[in-house]
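Student: Dropping the structure in here first, questions after.
Every number in this text was worked out from the coordinates using simple rules, so none of it is lab data. This structure is a prediction, so every number in the text was calculated from the model and none was measured. We place every Cβ from the backbone using ideal geometry, glycine too, and count neighbours over all the protein chains shown.
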């Protein structure tokens, strides 16, 4: 990949922030690719950290794996279990965008960011003001009937009193427009993401371990000059990145001067 030769040797955090701003100023087509770590600073738990969703234990769910509870199989075979878990863990009502979301929206508004590719399903990028957001895992803010396919309100599932939410039009089961385990990623969002990356001269990866596939494979569609990684923990792409931060993503992005 062409960005390997542009790896930065800066050692101090101050030097890295200066280099970050130099790269931002140099590049015309920046794309951000983010995961659960982007939203943890808004109070939404991630999935795989020691304090994440997959490591929270509720007695009623202990006999199921988290992957099963968020799977197509669970949705259709044990619907009551699915919706009980979903309602407890996926409601983002009252959650607000954090500094990272806001800075990315500002970058897009000022023409420095072409778009956001997100694995998150919380809608916080749009709430912060981002426009070109590719939600490759769907969103909790859209729901539709699994039978007649009509959309219902964003909070329909969380407000429904039925253990299995029923469509007001046909009585079928309403489901979230979220990509569950066992389902393919939304084609439009995926292809739009690839197009963004093919045109990018800088890719900023934030808040993701780059271990969830196929989403993590998107990094291979980037052939631009600079790869910047911002993640609390090491990733398998740190060595090939131009610049790596293991600090708060909100703190790092807040140092970008536009």
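Student: Counting only residues that are over 15 Å from the mean Cα position of the chain (by Cα) and part of a helix (DSSP H, G or I), which one in the range 103-124 is surrounded by the fewest Cβ atoms within 10 Å (Cβ to Cβ)?
Tutor: 109
Student: Filter the range 180-194 for residues that are touching a helix residue (DSSP H, G or I) at 6+ places or on another chain (Cβ under 9 Å) and either part of a helix (DSSP H, G or I) or surrounded by 14 or more Cβ atoms within 10 Å (Cβ to Cβ) (or both) and give the result.
Tutor: Within the range 180-194, 180, 181, 182, 185, 190, 193, 194 qualify.
Student: In this structure, does residue 222 turn out to be touching a helix residue (DSSP H, G or I) at 6+ places or on another chain (Cβ under 7 Å) and under 26 Å from residue 93 (Cα atoms)?
Tutor: Criteria not met by residue 222.
Student: Those residues that are on the phi < 0 side of the Ramachandran plot and within 13 Å of the chain's Cα centre (by Cα), I need them from the range 131-143; list them, please. It would help to see each step written out before you state the result.
Tutor: Start the filter on the range 131-143 by keeping residues that are on the phi < 0 side of the Ramachandran plot, which leaves 131-137, 139-143.
Answer for the range 131-143, where residues must be on the phi < 0 side of the Ramachandran plot and within 13 Å of the chain's Cα centre (by Cα): 133, 134, 135, 136, 137, 139, 140.
Student: Then there's this: Considering the range 184-199 alone, what residues qualify as being touching a residue at least 40 places away in the same chain (Cβ under 8 Å) and within 20 Å of residue 224 (Cα to Cα)?
Tutor: Those that are touching a residue at least 40 places away in the same chain (Cβ under 8 Å) and within 20 Å of residue 224 (Cα to Cα): 190, 192, 193, 196, 197, 199.
Student: Could you please find all residues in the range 125-159 being in contact with a strand residue (DSSP E or B) (Cβ under 6 Å, 6 or more places away or on another chain), within 18 Å of residue 200 (Cα to Cα) and surrounded by fewer than 17 Cβ atoms within 10 Å (Cβ to Cβ)?
Tutor: Scanning the range 125-159 gives a single hit, 132.
Student: Out of the residues in the range 219-258 that are part of a helix (DSSP H, G or I) and in contact (Cβ under 8 Å) with a residue 60 or more places away in the chain, which is surrounded by the most Cβ atoms within 10 Å (Cβ to Cβ)? Steps first, please.
Tutor: Initial filter on the range 219-258 (part of a helix (DSSP H, G or I)): 219-221, 238-240, 249-254.
When the remaining residues are screened for being in contact (Cβ under 8 Å) with a residue 60 or more places away in the chain, the result is 219, 240, 249-254.
Numbers: 219: 21, 240: 15, 249: 27, 250: 20, 251: 15, 252: 23, 253: 24, 254: 15.
Only one residue fits best here, namely 249.
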